[in-house]
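To start, the structure under review is shown below, and the notes come after it.
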Amino acid sequence: MHRQVCRLMAGAAVIALSAPAAYSQELTIFWAEWDPANYLQELVNEYEAETGVTVTVETTPWQDFQTKAFTEFNARGSAYDMIVGDSQWLGAASEGGHYVDLTEFFQKHNLGEVMAPATVKYYAEYPGNSGKYWAIPAEGDAVGWAYRKDWFEDPAEMEAFKAKYGYDLAPPTTWAQLLDIAEFFHRPDQNRYGVAIYTDNSYDGLVMGVENALFSYGAELGDPSTYQVDGILNSDKAVAALDAYRKLYGFTPPGWSKTFFVENNQAITENLAAMSMNYFAFFPALVNPATNPNAANTGFFANPAGPDGDQFAALGGQGISIVSYSENQEEAFKFLEWFIRDDVQKRWAELGGYTAHAKTLESEEFRKATPYNEAFFQTMFKVKDFWAVPEYAELLTAANQRIYPFVVGGEGTAKEVLDALANDWTETFKKYGRIK
Amino acid sequence: MADVMTRLEPNSRAAARGLSDLSIRNLFIIPTITFLIVFNVFPLIYSLYTGFTDYRASTTAPANWVGLANFRELLSDPFIWRNFTITAKYVVISVTGQVIVGFGLAMLLNRPMALKGLITTLLMLPMMLSPAVVGLFWKLLYDPSFGIINYFLGLGKFEWLADPQMALWAVAMVDIWMWSPFVMLLSLAGLSAVPKHLYEAAEIDRAGPFYTFFRITLPLVAPILMIAIIFRTMEAFKTFDHAYILSSQPTTELIAIRLYKMAFLEWQTGLSSAFAYIVLIVVVAITNIYVKYLNKAKAR
């Protein structure tokens, strides 16, 4: 009898211990290590409270993000159920079979209209205009500008600026004004400089920076339907844009030869530059007095227009995709259904995430929520992106190798650089059979 | 021999367990050999195979045999030749600098002096640091606004790392700083092994310091110095960490950096395997030349 009781108790203990493992569901989302990932963790905690499903946002430093993600893909690993991947990865990840096809999900929930059109085009669809979707726009982002309001609004500065340039000192609305203002504030003897721009060519920093000039000057990287580059990438407009970027580099603080988002925020927090280029996702740190002593004096503006009135910005941000090797795909789909709900997207924006949800973006409440949301709203409807083909990294390497020596070292001319780059890209597209 | 290997002392513990010398030897060797085969030999052979394919680890597409196409593509790529030229220049600057500084320090330390042990230990600190950390703090030292180097040299706001021509020298300087102690250490060992009576004989013969150095010191230290040069050349060829951290200049893109980008950013696995083999062949060839000189120096 005693032995039977013991056996029963042991059996009950085994069942009790194994029960949670059998019924608890866990999902892992992989993203880069930055503030929006923390906001996402806060958001998914609410999903757990609602459904009991634990969702963990696992992060890795930006420098490591692409390598780690693709290493996991290549190993067909199931460590991550979902990934908030860069827009450029769409081609490589979809053609490589690493992302689950979300076309049906997209159509069922009419996401083409629910999300801002540019975010659908660049974060979700591949190939372009194919109607095939691989991600849900999750973190909308683009390049904007921060500036020192106190410097701009100083009466003495305003007077001196007007006397020199003939118009009022205000946040620039054109690239010509941007160059004037950068030149005006560039005073190395006072340890004050005109502008902070991206120059890091380790990944996509420099190229994204140059794209802001290129797109606003009315130039394009090439024709995405035919992959023709020559005559487009090296057009007169593109040459003028690259020259403008090179000119801007001349107004940066010393040592600005390998700079990206961290340094560009420091340019504002450490009183180095009058204006600083950065992704909107990094602007929360600039309105926080704990991280920016100049928070009260920091303003924001959208990427200015080019000579012909074109106004575009380089796209940042990411879409969320389901990893093909996930063992929890069904649960991941349920999560995405929750994530795209209007109220969840609103909450995502409240927490600090940059929603791509059109209705939320357009709401007065969102646009007035922070000093930079209005600029973000304006920008997200006029963004353009880099190539998303599987060989995008090779295109990026060539661009870095050609553009960097000109912008930072002043080697060659903009025309020579873009001619050479057009040739490199044409060879790469030929290598992959995209053009004959 | 087999008899020696298999014979057991009748009262030994191995005999009690029934383990022969041969079994014990195998017990030690087999795991190591297995480890080497799995983690060194197999990847080496497999990467040689992938070097002849169009394999991309980022896709599920099968690898197609492309023959020598990868090697042809690499050897006709002007960017790759530029990477090799930059690396060669870097290796020459870096290793020459290390030999001059390291050997010079060893000569200074090879004489009676107070706190010699402490000074030697302090001089060796740089090579004990992580190259990534070294890269990060030299970036601060080179900073044009507050860097201590410009301050001491009175160079104002000179941009060491932004100048395309100067950046490679700046990166090589860091390598010299970090690895001269290694050359110093080996040279010191060589110098202390030079028989004192040779110097006494030279002194009796009234040989001058230059004559003594070139006829006694250098020839006797040459073999060990050559070993230091072999090690440093091989390592300099593989430099990645601090060069990657310090500069983005295409003029400082060493072959290891290019290889990393090709393999892990562009996922051109086949092409990068072929590239790695080209680098391996170059390093082996250079090392062989050095070894030949080493043997000559030893024979003298």
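Here is how the numbers come out for the structure above:
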{"quantity": "Listing of the stretch B:123-157 residues, each with accessible area lower by at least 10 Å² in the full protein assembly than in the chain alone (probe 1.4 Å)", "calculated": "B:Lys139, B:Pro144, B:Ser145, B:Lys157"}
{"quantity": "Length-normalised contact order of chain A in % [C-alpha pairs under 8 Å, at least 6 apart]", "calculated": "24 percent"}
{"quantity": "Computed helical MRE - 222 nm, the protein assembly as shown, DSSP H runs ≥ 4 contributing -39500 (n - 2.57), nearest 500", "calculated": "-17000 deg cm²/dmol"}
{"quantity": "Inter-part distance where the stretch B:72-140 and the stretch B:148-180 are each reduced to a Cα centre, Å", "calculated": "13 Å"}
{"quantity": "Options A:Ser78, A:Val323, A:Gly91, ranked by Cα towards positive dipole end of chain A, top entry (Cβ charges)", "calculated": "A:Ser78"}
{"quantity": "Exercise: per-residue mean of other protein chain Cβ atoms within 10 Å, A:392-400", "calculated": "4"}
{"quantity": "Chain pair B, A: total accessible area buried, heavy atoms, 1.4 Å probe, Å²", "calculated": "2700 Å²"}
{"quantity": "At least 50 Å² accessible surface lost relative to isolated chain, residues of the stretch A:248-268 (1.4 Å probe)", "calculated": "A:Pro254, A:Lys258"}
{"quantity": "Accessible area in the full protein assembly, largest first, 1.4 Å probe, for B:Trp81, B:Trp177", "calculated": "B:Trp81, B:Trp177"}
{"quantity": "The protein assembly as shown - percent of accessible surface contributed by carbon and sulfur, probe 1.4 Å", "calculated": "62 percent"}
{"quantity": "Distance from the stretch A:235-260 to the stretch B:26-44 (C-alpha centre basis), Å", "calculated": "53 Å"}
{"quantity": "Rounded accessible area per residue of the stretch A:84-182, 1.4 Å, Å²", "calculated": "37 Å²"}
{"quantity": "Hull shadow area, averaged, chain A [alpha-carbon convex hull, nm²]", "calculated": "25.1 nm²"}
{"quantity": "Between 0 and 90°, nearest 10: helix A:2-23 axis offset from chain A longest Cα axis", "calculated": "30 degrees"}
{"quantity": "Packing rank of A:422-429, A:319-326, A:156-163, where each peptide gets the mean count of other beta carbons within 10 Å, highest leading", "calculated": "A:319-326, A:422-429, A:156-163"}
{"quantity": "Rg in Å to one decimal, and Dmax rounded to a whole Å, for the protein assembly as shown via C-alpha atoms", "calculated": "31.1, 106"}
{"quantity": "10 Å Cβ neighbours from other chains, averaged over peptide B:164-177", "calculated": "1"}
{"quantity": "Chain A, dipole about Cα centre (Lys/Arg Cβ +1, Asp/Glu Cβ -1), debye to the nearest 20", "calculated": "360 debye"}
{"quantity": "Positive-end residue, the protein assembly as shown charge dipole about Cα centroid, Cβ charges, pick of A:Phe335, B:Phe152, A:Ala295", "calculated": "B:Phe152"}
{"quantity": "Among A:139-150, A:35-46, the order from most to least packed when residues are scored by Cβ within 10 Å on average", "calculated": "A:139-150, A:35-46"}
{"quantity": "Delta accessible area of at least 50 Å² on complex formation, residues of the stretch A:64-92, 1.4 Å probe, chain isolated as reference", "calculated": "A:Thr67, A:Asn74"}
{"quantity": "Cβ charges +1 (Lys, Arg) and -1 (Asp, Glu), total dipole of the protein assembly as shown, debye", "calculated": "3580 debye"}
{"quantity": "At least 30 Å along the helix axis (C-alpha) and Kyte average at least 1.0, DSSP helices within chain B", "calculated": "B:78-109, B:166-192, B:269-299"}
{"quantity": "Percent of C-alpha pairs per 10 Å bin, the stretch A:298-429, short to long", "calculated": "10, 25, 29, 23, 13, 1"}
{"quantity": "Length-normalised contact order of the stretch B:69-299 in % [C-alpha pairs under 8 Å, at least 6 apart]", "calculated": "30 percent"}
{"quantity": "Degrees separating the helix A:175-185 axis from the principal Cα axis of chain A, which is the longest one", "calculated": "80 degrees"}
{"quantity": "Accessible area in square angstrom per residue, chain B, 1.4 angstrom probe", "calculated": "56 Å²"}
{"quantity": "Lys/Arg +1, Asp/Glu -1 at C-beta; the stretch A:62-204 dipole; positive extreme among A:Ala146, A:Gln107, A:Ala170", "calculated": "A:Gln107"}
{"quantity": "Crossing angle, helix A:62-74 versus chain A [Cα axis fit, 0-90 degrees, rounded to tens]", "calculated": "40 degrees"}
{"quantity": "A:Lys384 accessible area, assembled protein chains, probe 1.4 Å, Å²", "calculated": "30 Å²"}
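The values are calculated or read from the model by the stated rules, or taken from the named source; none is laboratory data. Here the structure is a predicted model, which means the values were calculated and not measured. With ideal geometry, Cβ positions are generated from the backbone for all residues, glycine too; neighbour counts draw on all protein chains shown. These accessible areas exclude ligands, DNA and RNA; they are computed on the full protein's heavy atoms, side chains included. Shrake-Rupley method; radii C 1.70, N 1.55, O 1.52, S 1.80 Å.
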